[in-house]
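Take a look at the structure set out below.
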Amino acid sequence: MEANIEVKKQIKANGHVHVDKVKGPFAEFVERFMKSRSAVIGLGILIVLICCAVFAPILAPYNPYESNLPIALQAPSAEHILGVDELGRDIFSRILYGAQVSLVVGVEAVTLALFFGILLGALAGFYGGKVDTAIMGVMDVMLSFPSILLALAFMTVLGRGIDKAVIAIGIVSIPQYARIVRGSVLSVKENVYVTAARAIGNNDRRLIFVHILPNVLAPIIVRSTIGISEAILEAAALGFLGLGVMPPTAEWGTMLGAGRQTIFNAPHIVTFPGLAITLTVMAFNLLGDGLRDVLDPRLK
Amino acid sequence: MSKEEHLLTVRNLKKHFPIRGGLFGGQIGTVQAVDGVSFTIKHGQTLGLVGESGCGKSTTGMLVLRLLEMTAGQVLFQGQDVGQMKKQELRDFRRHAQIIFQDPYASLNPRMSVGDIIAEPMMLHDIASGIERTKKVEDLLKVVGLGPHHARRYPHEFSGGQRQRIGIARALAVQPKLIVCDEPVSALDVSIQSQILNLLVDLQQELGLAYLFIAHGLNAVKHISDEIGVMYLGKMVELGEGDELILNPLHPYTKTLISAIPQPHPGAKKNRIILQGDVPSPANPPSGCRFHTRCPEQIAICSQEEPEFRQVQSRFVACHLVK
């Protein structure tokens, strides 16, 4: 009790309010974000891609599903700036429409995998022992199957369709995120500041979400950006096998698969959807790298 | 001496870490990190706990705060058994007993601003909120010798000594009665060490804090401790009133520690006792007295029988030589 009174006295003795002209945390975040070149470039490319997807009906010069067999496999020209595919459809139009599907597939599948991957990995790494053995045992079993095979198995249960493909791909990639998160949590939880956080009375939930996970962010961000491209390609592979994204739907992965047969006499058919995927991945990668730095107070 | 005087009572505290190995990861041994340590701390007083690396002194500090689960023994805080506390009781206990860590570079979350680090304990224990909390953070920063403008900065922007001050402010935020100081100055420059020690002494006088002050040499603890406990290989070998223990050490290990304190007079006669060999492994401690392998005064019985930790006048000591 005496201690309380002493502290109060102290507070009174030093009683003047310090007024500091400071920005809010969001304004500060925006300012730092704008200073990060890679984050801005990444976001810029992404905005362009999203606009392509949203405004595809306005921007596309041709109907992406209308075939014109006489000009099939034609190389890029003034009328068809990216050429036409094996059925004579305009590749530029198909890429614009394809963005609608591919971007959504990539982002949704990774979001799903991230959510469960972070949760399971954090629990396994934090609690260790039996919890760890149980969770990571299941993850290892999942990793031991080729992912496309496992995704196929899930598709047979879930049924066909793009939404189902997203769920299947998301579930199948959970172990990869869980592994990374678990490993990082294992090392971060040994830090003295985690013990300090426990000593001041944090419960397990706050220890994990406030003190450990923010310090595990960097590897998660890097892995997720790569994961988006993997998800797009896996959705294409599922489509190729007759599940997920089905032809003739304009989708980058499916376009790659279809152009594969004519890769030697008409390489432009695979080149441009491939470039679109690369550009998307690069955008997410730049944005991810930038965000990682922006969110790290040590690099202020 | 009434029970009420004791803020903290530790009885026969033990911590044995299992050593796992072999084909099936079974237990193949134990590290007896802390093996039967007892002491008490009164309100507003300081117990200095000294011993070389690996003697279990930091483990003892962690056990007292139940940041590690003890193997055996009892820790009583204001009469309450810390080992038996349920979740809610443990939360309340954390409000009264705090810790300052050795490494100021590792003990602050790099992603939290200094203001958030100091405000967090107040938020967790519902002490003040909103503007009042911000105000208290500024006051705490002043108490430890930093400025209110430091609240918005991040730990990496500070020096070791400043970080240690932040760590102290965090511990003070809940207005504790006991603070475990786990070698709070040994990672700092010598010039900064005395600043931090003085700050700790001032805070003790102002706030009536009790300290369990852990250090590896008597040098740091001799000025600020009311009582000093000397540990060797998981055991307390001597415990007594500070000045008296330094003037008249009874245990041979205490004598060697005292001979290691640097003398301020260049001409003073030096009688340093240099111990031979290394500290034996706590996984396989020597028979009898644990110190007998390195003791300059050992006799036959030392390797056979373990000396009892018993009271000799106002002192507790575990040595066959002390009658």
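Would you work out which of B:98, B:230, B:301 lies farthest towards the positive end of the dipole of chain B? Charges go on Cβ: Lys and Arg +1, Asp and Glu -1.
B:98
Please give the charge dipole size of chain B, origin at the Cα centre, charges +1 on K and R Cβ atoms and -1 on D and E Cβ atoms. Round to the nearest 20 debye.
It works out to roughly 360 debye.
Rounded to the nearest angstrom and ordered from largest down, what semi-axes does the equivalent ellipsoid of region A:28-72 get from its C-alpha gyration tensor (root of 5λ)?
Equivalent-ellipsoid dimensions as semi-axes: 38, 11, 5 Å.
Determine the residues within region A:169-200 where the difference in accessible area between the chain on its own and the full set of protein chains amounts to at least 10 Å²; count protein heavy atoms only and use a 1.4 Å probe.
Listed by number, the residues meeting the 10 Å² cut-off are A:192, A:193, A:195, A:196, A:198, A:199, A:200.
Quick one: with all protein chains in place, what share of the accessible area of region A:110-220 is carbon or sulfur, to the nearest percent (1.4 Å probe)?
69 percent
Within 10 Å of each Cβ in peptide A:64-73, how many partner chain Cβ atoms are there on average? Round it to a whole number, please.
Whole-number average of other-chain Cβ neighbours for A:64-73 is 0.
Quick check for you: with a 1.4 Å probe and neighbouring chains kept, what is the accessible area per residue of the protein assembly as shown, in Å²?
Roughly 47 Å² per residue, with all protein chains present.
Compute, for region B:226-323, the length of the dipole vector about the Cα centre, with Cβ point charges of +1 (Lys, Arg) and -1 (Asp, Glu) only. Units Debye, rounded to 20.
Around 380 debye, computed over region B:226-323.
On the principal axes of its Cα set, how long, how wide and how thick is region A:81-158? Give whole Å, largest value first.
Reported extents, whole Å, longest axis first: 59, 23, 20.
Starting from the coordinates of the alpha-carbon atoms of the protein assembly as shown, obtain the Kirkwood hydrodynamic radius over all distinct pairs and give the value in Å to one decimal.
29.0 Å
Please name which of A:105, A:158, A:133 has its Cα lying farthest along the dipole of chain A towards the positive end, using unit charges on Cβ (Lys, Arg +1; Asp, Glu -1) and the Cα centre as origin.
Checked the options; the winner is A:133.
Can you list the HN-Hα couplings for region B:115-128, worked out from phi with the Karplus curve (6.51, -1.76, 1.60; θ = phi - 60°), rounded to whole Hz and with x for Gly and Pro?
Each residue of region B:115-128 in turn: x, 5, 4, 7, 6, 4, x, 5, 5, 5, 9, 6, 9, 6 Hz.
Give me the percent of the accessible area of region B:237-301 that comes from carbon and sulfur atoms, probe 1.4 Å, all protein chains in place.
Carbon with sulfur: 54 percent of the solvent-accessible area.
Report, for chain B, the % of DSSP beta bridges that are antiparallel, rounded to 5.
65 percent
How high is the relative contact order of chain A, in percent, with contacts defined as C-alpha pairs under 8 Å that are six or more residues apart?
RCO, chain A: 25 percent.
Set Lys and Arg Cβ to +1 and Asp and Glu Cβ to -1, take the dipole of region A:81-147 about its Cα centre, and tell me which of A:143, A:91, A:119 lies farthest positive.
It is A:119, whose Cα lies furthest towards the positive end.
Kindly provide the Kirkwood hydrodynamic radius of chain B in Å, to one decimal, from all pairs of distinct alpha carbon atoms.
Details: mean 1/r = 0.0477 Å⁻¹.
Answer for chain B: a Kirkwood hydrodynamic radius of 21.0 Å.
Can you give me the long-range amide H partners of residue B:237? Hydrogens built in the peptide plane at 1.01 Å from N, cutoff under 5 Å, separation of 5 or more residues or another chain.
Distant-sequence amide H within range of residue B:237: B:230, B:231, B:232.
Along each of the three principal axes of the Cα atoms of region B:92-244, give the extent in whole Å, ordering the values from largest to smallest.
49, 32, 27
Would you mind checking B:57/B:136; B:136/B:177; A:189/B:42; A:189/B:135; B:87/B:177 for any pair whose Cα atoms are more than 26 angstrom apart?
On the way: B:57/B:136 33 Å; B:136/B:177 18 Å; A:189/B:42 34 Å; A:189/B:135 31 Å; B:87/B:177 20 Å.
Those over the limit are B:57/B:136; A:189/B:42; A:189/B:135.
Give me the one-decimal Kirkwood hydrodynamic radius in Å for region A:174-270, with the sum taken over alpha-carbon pairs.
Across region A:174-270, the inverse of the average 1/r is 16.6 Å.
In region B:62-105, what residues drop by 30 Å² or more of accessible area when the other protein chains are put back, versus the chain on its own? Use 1.4 Å, and skip ligands and nucleic acids.
Listed in order, they are B:67, B:94, B:98, B:101.
Where a Cα-Cα gap under 17 Å defines reach, which aspartates and glutamates qualify for residue B:86, not counting those fewer than 8 residues away within the same chain?
Within the straight-line cut-off, residue B:86 pairs with A:204, B:69.
Counting only protein heavy atoms and using a 1.4 Å probe, what share of the accessible area of region A:33-103 belongs to carbon plus sulfur, as a whole percent? Mind showing how you got there, number by number?
On the way: 2550 of 3720 Å².
Of the solvent-accessible surface of region A:33-103, carbon and sulfur hold 68 percent.
Take every DSSP beta bridge whose two residues both sit in the protein assembly as shown, then give the antiparallel share in percent to the nearest 5.
Just about 65 percent of them are antiparallel.
In chain A, which whole DSSP H runs stretch at least 24 Å along their own axis (Cα) and average 0.0 or higher on the Kyte-Doolittle scale?
A:37-54, A:91-127, A:162-188, A:217-240, A:268-294
So what does the Cα-only Debye profile of region B:194-276 read at q = 0.11, 0.22, 0.26 Å⁻¹, as log10 I(q)/I(0), no solvent term?
-0.34, -1.13, -1.36
Relative to 2.2 N^0.38 Å, what does the C-alpha radius of gyration of chain A come to as a ratio? Two decimals please. It would help to have the intermediate numbers written out before the result.
On the way: Rg = 24.9 Å, N = 300, 2.2 N^0.38 = 19.2 Å.
Taking the Cα Rg and dividing by 2.2 N^0.38 Å, one obtains 1.30.
Taking the Cα centre of the protein assembly as shown as origin, sum charge times position over the Cβ atoms of Lys and Arg (+1) and Asp and Glu (-1), and report the length of that vector in debye to the nearest 20.
Working: 59 positive and 54 negative charges, 181 e Å.
Around 860 debye, computed over the protein assembly as shown.
Rounded to the nearest 100 Å², what's the accessible area chains B and A bury against each other, both chains counted, probe 1.4 Å?
Numbers: alone 16020 and 16570 Å², together 29200 Å².
Counting both chains, the buried surface is close to 3400 Å².
Cut-off under 14 Å on the C-alpha distance; same-chain residues fewer than 8 positions from residue A:164 excluded. Which aspartates and glutamates are left, in chain and number order?
A:108, A:234
The values are calculated or read from the model by the stated rules, or taken from the named source; none is laboratory data. Since the model is a prediction, treat every value here as computed from it, not as a measurement. A quick note on method: Cβ atoms are made from the backbone with ideal geometry, for glycine too, and the neighbour counts reach across all protein chains shown. Accessible surface is based on the protein model in full, side chains and every heavy atom, while ligands, DNA and RNA are left aside. Shrake-Rupley method; radii C 1.70, N 1.55, O 1.52, S 1.80 Å.
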